[in-house]
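The values are calculated or read from the model by the stated rules, or taken from the named source; none is laboratory data. Model, not experiment: these values are computed from the prediction. Positions of Cβ are generated from backbone atoms using ideal geometry, with glycine treated the same way; all protein chains shown enter the neighbour counts. Ligands, DNA and RNA are stripped out before the accessible areas are found, and what is left, the full protein with its side chains, is counted by its heavy atoms. Shrake-Rupley method; radii C 1.70, N 1.55, O 1.52, S 1.80 Å.
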Amino acid sequence: MDFYVWLIVFAVLILIGFVLDREIYFYEGVHLGPRAQAWFYDRWSKKYDKSKRESQLHDTEMLAQPLVDALENVPEPFVLDFATGTGRLSYALMSQPEFKGRIVALDLSQGMLEQAASKLSPYLDRVDLLRHVSLPLPFPDAAFDVVCALEVLELFPNMDEPLAELTRVLRPGGILLTSRGTEESGRKAKVKSKTQFAALLERSGLENIQITSWWKLFDRVIAKKNGASTPGGARKLSQVIRCRACKQTRWQKEVGALKCQNCGKELSITKEGIVLN
């Protein structure tokens, strides 16, 4: 009997190991919630770029340059780099001499943002780093000229919620840069055909949708938000982030913190310059 008990225990442990391995390394903790995801990414952060090397080989020509070209009539674009990770898109964009704007680089993982801070150190006068764990986003409507969300929509229980928030903070006429998980990604429950994905974006208020092959696991997607509006110009994070307590956007920079001038709430700033919301 003991043999069969140990056999069952061994089989259960193998099953648990398989499930955890698939959940952590394949689905990146998507089913465990944002705080668990942040914990996993914190521990993955120092090796993340190495594991994503293939997808980063053509960031300049596939991501940064198309954005710069699309923004030729916006002198100082204001960009949200949602789920920035180690800052790959922000770095590629800031490396373009033609780009004169500012970026808010947001992620749920402080460890990933610490890697981004190191990578973006020459540009931190024009990049604000923000740790924010869950939706909704802490910004007013139509705050950004560009919203980028690469390799992340598949990590939500459904794509409608993040797309609603991303388009909410994008101004009419602004640009969304995102990605579509391909059939080769293996995440069958999350894969949408190009037609389905385009229809999803259209339902979210986007038009002029361009889906282009990028690398084997993801297509690049560029779209424009319906309507038109005048760019608001590049701004600092302290000019657009809403206070959790009073919903105002009046902040004063102090040593190691941003302090809400309306209610007194403080947001800590790490030694790397990351604002903890």
Q. Does any residue of the stretch 164-178 turn out to be at pLDDT 95 or above, open to solvent by less than 20 Å² (accessible area, probe 1.4 Å), part of a helix (DSSP H, G or I) and not aromatic (Phe, Trp, Tyr)?
A. yes
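Those residues that are part of a loop (DSSP other than H, G, I, E, B) and more than 18 Å from Ser90 (Cβ to Cβ), I need them from the stretch 134-159; list them, please. Don't jump to the end; show me each part of the working.
Of all residues in the stretch 134-159, those part of a loop (DSSP other than H, G, I, E, B) come to 134-143, 150-152, 156-159.
Of everything in the stretch 134-159, those that are part of a loop (DSSP other than H, G, I, E, B) and more than 18 Å from Ser90 (Cβ to Cβ) turn out to be Ser134, Leu135, Pro136, Pro138, Pro140, Asp141, Ala142, Phe156, Pro157, Asn158, Met159.
Every residue, every condition in (1) touching a Pro at 6+ places or on another chain (Cβ under 9 Å); (2) at pLDDT 95 or above; (3) open to solvent by less than 40 Å² (accessible area, probe 1.4 Å); (4) of a type in the set (Val, Ile, Thr), yes or no:
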{"position": "Phe99", "(1), (2), (3), (4)": "yes, yes, yes, no"}
{"position": "Ala105", "(1), (2), (3), (4)": "no, yes, yes, no"}
{"position": "Gly111", "(1), (2), (3), (4)": "no, yes, yes, no"}
{"position": "Asp125", "(1), (2), (3), (4)": "no, yes, no, no"}
{"position": "Leu130", "(1), (2), (3), (4)": "yes, yes, yes, no"}
{"position": "Val133", "(1), (2), (3), (4)": "yes, no, yes, yes"}
{"position": "Ala142", "(1), (2), (3), (4)": "yes, yes, no, no"}
Q) When only residues in the stretch 232-248 that are open to solvent by 50 Å² or more (accessible area, probe 1.4 Å) and part of a loop (DSSP other than H, G, I, E, B) count, which is farthest from Ala143 (Cα to Cα)? A) Ala245
Q: Mind listing whichever residues of the stretch 195-223 are over 17 Å from Met62 (Cβ atoms) and either assigned to a strand (DSSP E or B) or more than 19 Å from the chain's Cα centre (by Cα) (or both)?
A: Thr195, Gln196, Ala198, Ala199, Glu202, Arg203, Gly205, Leu206, Glu207, Asn208
Q | Residue list for the stretch 70-92, restricted to those being assigned to a helix (DSSP H, G or I) and within 18 Å of Leu170 (Cα to Cα) | A | Ala70, Leu89, Ser90
Q) Since Asp81 meets every condition but one in (1) open to solvent by 10 Å² or more (accessible area, probe 1.4 Å); (2) of a type in the set (Asp, Glu); (3) under 21 Å from Arg235 (Cβ atoms), which condition does it not meet? A) (1)
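For residues in the stretch 58-74 being of a type outside the set (Ser, Thr, Tyr) and free of Cβ contacts under 8 Å to residues at least 40 places away in the same chain, which is surrounded by the most Cβ atoms within 10 Å (Cβ to Cβ)? Spell out how you get there, then give the answer.
Looking only at the stretch 58-74, we keep the residues that are of a type outside the set (Ser, Thr, Tyr), and these are 58-59, 61-74.
Add one more test, that the residue is free of Cβ contacts under 8 Å to residues at least 40 places away in the same chain, and what stays is 59, 61, 64-65, 68-69, 72-73.
Details: Asp59: 18, Glu61: 10, Ala64: 23, Gln65: 17, Val68: 19, Asp69: 9, Glu72: 8, Asn73: 7.
In this case the residue turns out to be Ala64.
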